[in-house]
1. Filter the helices (runs of 4 or more DSSP H) completely within the range B:154-262 down to those with at least 3 residues that are surrounded by fewer than 22 Cβ atoms within 10 Å (Cβ to Cβ) and either at positive phi or over 18 Å from the mean Cα position of the chain (by Cα) (or both).
2. Could you name every one of the helices (runs of 4 or more DSSP H) located completely within the range A:252-339 that has at least 3 residues being touching a residue at least 12 places away in the same chain (Cβ under 8 Å), within 14 Å of another protein chain (Cβ to nearest Cβ) and in contact with a helix residue (DSSP H, G or I) (Cβ under 8 Å, 6 or more places away or on another chain)?
3. For residues that are more than 14 Å from chain A (Cβ to nearest Cβ) and more than 19 Å from the chain's Cα centre (by Cα), scanning just the range B:124-139, find the one that is surrounded by the most Cβ atoms within 10 Å (Cβ to Cβ).
4. From A:209, A:200, A:184, grab the single residue that is modelled with pLDDT of 95 or more and either over 22 Å from residue A:260 (Cβ atoms) or in a helix (DSSP H, G or I) (or both).
5. It is to be established whether one or more residues within the range B:87-103 are more than 8 Å from chain A (Cβ to nearest Cβ), in contact (Cβ under 8 Å) with a residue 60 or more places away in the chain and touching a strand residue (DSSP E or B) at 6+ places or on another chain (Cβ under 6 Å).
6. Do we have any residue at all in the range A:10-19 that's in a helix (DSSP H, G or I), more than 24 Å from residue A:251 (Cα to Cα), within 14 Å of chain B (Cβ to nearest Cβ) and in contact with a helix residue (DSSP H, G or I) (Cβ under 9 Å, 6 or more places away or on another chain)?
7. Restricting to helices (runs of 4 or more DSSP H) lying wholly in the range A:60-170: which have 3 or more residues that are away from chain B (no Cβ under 14 Å), surrounded by fewer than 17 Cβ atoms within 10 Å (Cβ to Cβ) and within 20 Å of the chain's Cα centre (by Cα)?
8. Would you confirm, using the coordinates I've provided, whether residue A:246 is under 19 Å from residue A:98 (Cα atoms), within 11 Å of the chain's Cα centre (by Cα), more than 14 Å from chain B (Cβ to nearest Cβ) and assigned to a helix (DSSP H, G or I)?
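The values are calculated or read from the model by the stated rules, or taken from the named source; none is laboratory data. The structure presented is a predicted model; accordingly, all values stated were derived computationally and were not measured. Here the Cβ positions follow ideal geometry from the backbone for every residue, glycine too, while neighbour counts run over all protein chains shown.
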């Protein structure tokens, strides 16, 4: 990387970080109870009255932190997968981990082992994501080609979807079914620091694994064979990305349900600002994902509705048309471009 | 006498039941410009890929004296550079950033050192693409992209270059430019193994010409020795006129030896 590109990246990352911090501050101030900024600030540093402290520190802060963590890991996972697959349309759901995590959680709810806010649930979801990786490797083989890996991911996703459908089908009562259905929509409402602590180690591990291969993603610009000739072991890198995505995204699904399209959209927004470099896009994509999800989670509190609209619904409503537009713009390349 | 930059013996590549490369022995010394020709499907690309370690092969391969299986991947990438067919670029990176990818095996950090910058600048100058340095590579023409791909390989500054059809899609001017770049690399103490389809270009360029047919080397020597009408008839199924142009043999395929294969 040239020195000027390095400086541009620093400015971009700094600017995005400021944006995320501003959105987190806004997220702390928005909710059913109107708190003026001075009370929010006072509550953060232990001042203000007890009610304001509880609202800011125990209700809104975990929610804002989870939005940053989940959005960030979705953005990073999307950027890593797009780098690995050399395709801007790749999304974290590709290898089945989010679907498997959702199944793990839903199975627990359906079996009556836990309510949607219990800690058994995230543990089961993370286990589901990790089992999906094991299944993926079992189906595709340890040194699978990308195409086989994608098809195996589709199979794992379908299997997890079938499991989720079965759990809904066998739900002991309509309330459980409703609970599952709502949980699947994806929300950050009523989450606590316990959720932050459960998700954090898996996300941190996933982030480390995903950031590991930035140089390889740059090399993959030249295609798999040239990248391999430049000294990268692609079979190992593929596995690292699959496990990293499963850990990072699985942990997110574990505490917040399914939140789609952030991983697709976030890298896309910052890619032109880093010269389309699949290595340099990683950190900005994570920050852009964090900003997107935090903003969406503020929006659900501002949209007037009976009950709160789930944040997963908002990201899907914005993300899906965005995805359609991306496909239409790339129709020519997708049909006749490189395989 | 130093070790050959590329040494292979008993080299065999199989894809399932099909044998693509069959018991090939090959030794390439520093200073050699070796050109491989052969019909479609003869195993030329498979031979190069096996030498890089991209496809599983049996037999022995050594790069500058070290057996390929025990050569760590980054060190292998510092000893040989591979230019695949097709010159694919998946992201619209600036040309200078593409060329700098050739330095990846040498760098640990993200920043380019002075040596890296020098190698990149020299590679771009040698291939005549310096004026495109900041252009997105995907906006270049086919011929320009091919030169970017060659520049990336040159920037690696590896002793050995393995190039699969480096002149495909180039006009005559840049065919000669690329061949001269590769020849200079060999003349300056490196070695180049290139697969070419153009027999005239191959004969003009090669110090040593190999003909690969059905996975086996059927001829190995100077172009004058290797390019005979009989050999071309047997290998390619064409009647060719061999003429001498300024002392170099040029094969001009003229007609088929038998009925066209459907």
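1. Numbers: elements: B:172-187, B:199-205, B:223-226, B:229-236.
In the range B:154-262, B:229-236 are the helices (runs of 4 or more DSSP H) which contain 3 or more residues that are surrounded by fewer than 22 Cβ atoms within 10 Å (Cβ to Cβ) and either at positive phi or over 18 Å from the mean Cα position of the chain (by Cα) (or both).
2. Numbers: elements: A:262-270, A:282-302, A:311-329, A:331-336.
Correct list: A:262-270, A:282-302.
3. Taking the range B:124-139 as the starting set, the residues that turn out to be more than 14 Å from chain A (Cβ to nearest Cβ) are B:125-132.
Retained after the next criterion (residues that are more than 19 Å from the chain's Cα centre (by Cα)): B:125, B:128-132.
Values: B:125: 11, B:128: 16, B:129: 23, B:130: 16, B:131: 9, B:132: 20.
Taking the candidates together, the pick is B:129.
4. Values: A:200 fails: modelled with pLDDT of 95 or more; A:184 fails: modelled with pLDDT of 95 or more.
Selected residue: A:209, the only one of A:209, A:200, A:184 that is modelled with pLDDT of 95 or more and either over 22 Å from residue A:260 (Cβ atoms) or in a helix (DSSP H, G or I) (or both).
5. No, the range B:87-103 contains no residue that is more than 8 Å from chain A (Cβ to nearest Cβ), in contact (Cβ under 8 Å) with a residue 60 or more places away in the chain and touching a strand residue (DSSP E or B) at 6+ places or on another chain (Cβ under 6 Å).
6. yes
7. On the way: elements: A:61-85, A:97-110, A:120-140, A:146-169.
Passing ranges, in order: A:146-169.
8. Working: under 19 Å from residue A:98 (Cα atoms): yes; within 11 Å of the chain's Cα centre (by Cα): yes; more than 14 Å from chain B (Cβ to nearest Cβ): yes; assigned to a helix (DSSP H, G or I): yes.
Criteria met by residue A:246.
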